[in-house]
Amino acid sequence: MARTALVTGGSEGIGAAIGETLTAAGHRVVATYAGNDAAAEASSARTAIPMRKWDVADIDACLPADMAGHLTGARLSENGGRYMA
């Protein structure tokens, strides 16, 4: 079973590169973005990584019902370039 990674800021720049790298390594990836809907749609279309518009400062917003089952044992990569196991 593939591990799941949640990448914040995953629609552009470093976050997008992290998501693509994790996908290439066989991880299942879900990414968040703050506000650029067009960039998120383009990134998702190019990479097939699902994008979710979430306020990552609000934990309840980050764990909607449709994601709860996917994040058990997940890894988190925040767009600051740090990878946490």
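The values are calculated or read from the model by the stated rules, or taken from the named source; none is laboratory data. Being a predicted model, the structure only gives us computed values, none of them experimental. In this analysis, Cβ positions are derived from the backbone assuming ideal geometry, glycine residues included, and neighbour counts consider all displayed protein chains.
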Cβ pairs under 9 Å, 6+ apart, first in segment 22-47 and assigned to a loop (DSSP other than H, G, I, E, B), second surrounded by 13 or more Cβ atoms within 10 Å (Cβ to Cβ) and among the charged types (D, E, K, R): G26/R3; H27/R3; H27/R75; A34/K53; G35/K53; N36/E12
Hits in segment 1-21 - residues which are of a type outside the set (V, I, T), modelled with pLDDT of 90 or more and not in a loop (DSSP other than H, G, I, E, B): G13, G15, A16, A17, G19, E20
Could you list, in sequence order, the residues of segment 19-30 that are closer than 17 Å to E41 by Cα and either among the polar types (S, T, N, Q) or within 9 Å of the chain's Cα centre (by Cα) (or both)? G19, V29, V30
